1. Inside the range 338-351, can you point out the residues that are within 13 Å of the ligand (Cβ to nearest atom) and out of contact with any Gly (no Cβ under 8 Å at 6 or more places or on another chain)?
2. Is there a residue being in a loop (DSSP other than H, G, I, E, B), of a type in the set (A, V, I, L, M, F, W, C) and open to solvent by less than 10 Å² (accessible area, probe 1.4 Å) anywhere in the range 119-136?
3. For L827, only one of the following conditions fails: (1) modelled with pLDDT of 90 or more; (2) open to solvent by less than 30 Å² (accessible area, probe 1.4 Å); (3) out of contact with any helix residue (DSSP H, G or I) (no Cβ under 6 Å at 6 or more places or on another chain). What is its number?
4. Looking at N363, N409, N378, which one is of a type in the set (S, T, N, Q) and within 16 Å of the ligand (Cβ to nearest atom)?
5. Answer yes or no as to whether R312 is touching a residue at least 60 places away in the same chain (Cβ under 8 Å), within 16 Å of the ligand (Cβ to nearest atom) and among the basic types (K, R).
6. Can you tell me which of D284, D292 is crowded, with 22+ Cβ neighbours inside 10 Å and among the charged types (D, E, K, R)?
7. For V324, only one of the following conditions fails: (1) of a type in the set (A, V, I, L, M, F, W, C); (2) touching a strand residue (DSSP E or B) at 6+ places or on another chain (Cβ under 8 Å); (3) more than 16 Å from the ligand (Cβ to nearest atom). What is its number?
8. Restricting attention to the range 390-397, does a residue exist that is within 14 Å of the ligand (Cβ to nearest atom), more than 30 Å from V116 (Cβ to Cβ), open to solvent by 10 Å² or more (accessible area, probe 1.4 Å) and assigned to a helix (DSSP H, G or I)?
Amino acid sequence: MPISRLFIAAALVLCAANGSAQAQAPAAAPSVELETLAVPPGQLSDAVRPIAYRLDLTVDPAQPRFSGKVEIDVVLSTPSRRIVLHGRDLTMHKASASFGGKVQQGNWYQPDPTGVAVLVFPEAVPAGNVTLSFAYDAAFNDSPAGMFRVKVDEDWYSWTQFQSIDARAAFPGFDQPSFKTPFTVTLRTPPGLEAVSNAPEISKAMEGGLEVHRFAPTLPLPTYLVAVMVGPFASVEGAAPPTPQRAEPLPLRIVSTRQNAGKLSFALEGSKQIVALLEDYFGDAFPYPKLDQITSPIMPGAMENAGADLYRDALIVMDEEAPVPQQRRFGMVVSHELAHQWFGDLVTPEWWDDIWLNESFANWMGYRIGDAWKPELNIRAGALAEGFEAMETDALVAGRPIREAIETNSQIDGAFDSITYGKGGHVITMIAAYLGDERFRAGVRRYLSAHRYGNAASADFFAALAEAAGDPRIVAAMRSFTDQQGVPLLEFRREGDSYIVTQHRYAPFGASPPAAHWDVPLCVRRGNERLCRLLTQDSAEIAVGGSGPLVPNAGGTGYYRFELAEHDWSALITVADRLPGGEAQAVADSLAASVLAGRAGVTQLAALASKLVRHPDSYASDAASAALASMVSEGLVDSFGRRGWVRFRGKLYAPLLKQYGFDPRAGAYAGEQPERTQRRVQVVERLVGSSRGRKVKKRLAKAVEHFLAGDSSALDPSWFDAGFDAYLSRKKGDGAAGLLLERALASEDPVFRPAALNAVAASGIKDVARRLLYDFVDPRLRASERRAILGGIMSSRATREIGFEWIREHLDDLVSGSNGVFFSARLPRMFNRFCSVERAQEIADTFRPRLAGTPSEMELERVIERVRNCGVLQDTRGFEISREFEKLD
Ligand SMILES: [Zn+2]
């Protein structure tokens, strides 16, 4: 990528950096021409290539800052006075270059706020091998970006989270994925602390009052996969036994903060099994010499650091009795992160424009392997649910394709969204289903073995798949889904014994996105007859044998929506409760999409909801009623319509409660089939908000009272969400919210604490929302939790305006600083549930000027469009829709 010629911009940023004393040049730094400080806006050139790092870091999590001595061996392609690299907000004490027995001191500048830095020397450094040396210190972050720390109970811990471009906030380097080198890490910590990094620890000794942990050199890694964790951790350890792919046992540890010590064995056993399943799939041994699975209470999700994965506590810390959704997330997320050890870590994308390849594949594998780990959890169905959810975002005009060019550093984080994960995962599902498991796996293996410990791009993966499939048309089909935005809508029109299929781009009511064409791997089914073909034309005739209604998305694996004539919809709705779960989800998605496009009616969707509610698959059973519920919670439906909905929901779910029974005590349903347990939880959660749920609500609220009074057996964690809702809505004004809040902050339980905080925030009690936003100060409440609380307040219709007003007043604080950047990317999503043309305009006027040029720019445009679309639908058809809700029966 060419060097940026925006010298003026660079100079302005430099002034700002010096002014804040964050990125300071050494005192004696001579004045330097602006051109010297011009830096590329995105990718670095290959002029300087790192070949090895030695990181020697002094890390005491109890202190606000850490320090480092770093050496990087590099190769210069031409002599140069300046080296462009990365480093963000590092206080640089010394920087030098050694070559041919000489040492030359350099000056460090950070002209770019995203952390592009320049090292300037008085004379040219020659071409060839050079060692760069740095001494610096920097502040810990309190959010999971770069090197961050948190106090848990009485102890401080620190962890690292570097993806995408936050390694540069921990050490100077060449922070982009194409540069893969060995890292030799040394950590100096206060005595008695544990230290974890990517490679095995090879020695520990006291030096100068500090404990020095030395780690073996790693296999080649990009900077974003390096990890350093320090604290008085608890751990359990074992080994994944040898497999046909691996002769030696693989050392394995689960590492967490001390209060979680008793709840780590489940993850140890699960991780062993998942490693073996992945090795079998890839036909290849785990690529690193050990595996640590580490947890932090404030990680938002998980990160695939090579050999040292990091997870949010709740993803790992659990036992066999954990709620079904928690166990599902364990299987899915651990499979996802460990799949990355091959797909992402062993073979790494050259640049962030191909990060979709990492994430889409890992997402698909997370569900695929999670499902193989414990089929009874029905983890695979979650993949489809995630894909159908992403269609809602993908249907907007604002947005992006799965794969797009990334020209600037501030665009990178925007690539980690539901398009990359949800849509990308579904597109992989579609291709894998179309090719068949064997051929798809052969393509994956071919790709990995060609690029081991190196880098690759999308084209390499497509080529490997096409070769394995023996069908080059697959490449064009995949590209039509990865390189353009939008959801295909396939319209099926019956003509004699066959169907005419016509493709368009799906559009919600009133929207007119540009036309598009896909090569759709189409699979349909009638009875036992399944037909797959590649739909390359805009319109085609298909003849399907078999009998019964046409299922236009067989297995639900296709990334498309469909539209049917009314009688074909009716025929499909009649059999919906007997369709496989994935197909039932697809029917619910397409019918709800048809309602939002102004075609099908609410009554049809309600008929589907009545059928599906008895479906044994917990993802399918609620799909149609959830679509109706979100129309209500977005405010599309008036108060009479809402009453109709509450009545209808009571009628739908009350009979199921009789069938499943209800006992809130801990372990009451231990040993039951997970899908049955999960259905009961869903039924109770829906009933709590309906007129038929009074008894259940009372019982739950009582159980919560006992639980909060110290009887932990009174309430199973499965009922935390429904229970706290019931408790708060029955005890309004009794200080119940204050008590629950206090209990949450006094607890480090990874399930209870966030559930209780969320219940208080989302309670819809206006006084509580105001107090939380304006008056509540408590050092135990973490920065990430404050943001979650704001999200909870925005999720409830009753308190949404209070939250909106507060955000408007506090926007500058919210988006400033490095934590702000992290947060502002997610901020616009908080406005998702508004539904009005005027509000869309207000959001645009207020936030566009402030968020321009930030990673949240695109998300803001999506939200504005979504809120406006909903408003247009309400203005045009809201009355009619509300009357349909009112009459539901
Ligand atoms: Zn991932």
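The values are calculated or read from the model by the stated rules, or taken from the named source; none is laboratory data. Owing to the predicted nature of the structure, the values given are computational and were not obtained by experimental measurement. For neighbour counting, all protein chains shown are included, and Cβ atoms are generated from backbone atoms with ideal geometry for every residue, glycine included. When the accessible area is computed, the model is the full protein with side chains, heavy atoms only, and any ligands, DNA or RNA have been set aside. Shrake-Rupley method; radii C 1.70, N 1.55, O 1.52, S 1.80 Å.
1. First, the residues of the range 338-351 that are within 13 Å of the ligand (Cβ to nearest atom): 338-345, 348-349.
Correct list: L338, H340, W342, F343, G344, D345, P349.
2. Let us first name the residues in the range 119-136 that are in a loop (DSSP other than H, G, I, E, B), namely 126-127.
Next cut, of a type in the set (A, V, I, L, M, F, W, C) only: 127.
After this cut, where a residue has to be open to solvent by less than 10 Å² (accessible area, probe 1.4 Å) as well, the list is none.
Checked against the condition, which is being in a loop (DSSP other than H, G, I, E, B), of a type in the set (A, V, I, L, M, F, W, C) and open to solvent by less than 10 Å² (accessible area, probe 1.4 Å), the range 119-136 yields no hits at all.
3. For L827, the failing item is (1).
4. Matching residue, one of N363, N409, N378: N363.
5. Details: touching a residue at least 60 places away in the same chain (Cβ under 8 Å): yes; within 16 Å of the ligand (Cβ to nearest atom): yes; among the basic types (K, R): yes.
Against the criterion (touching a residue at least 60 places away in the same chain (Cβ under 8 Å), within 16 Å of the ligand (Cβ to nearest atom) and among the basic types (K, R)), R312 qualifies.
6. Working: D284 fails: crowded, with 22+ Cβ neighbours inside 10 Å.
Answer to the selection: D292.
7. (2)
8. We begin by selecting, within the range 390-397, every residue within 14 Å of the ligand (Cβ to nearest atom); these are none.
Checking the range 390-397: not a single residue is within 14 Å of the ligand (Cβ to nearest atom), more than 30 Å from V116 (Cβ to Cβ), open to solvent by 10 Å² or more (accessible area, probe 1.4 Å) and assigned to a helix (DSSP H, G or I).
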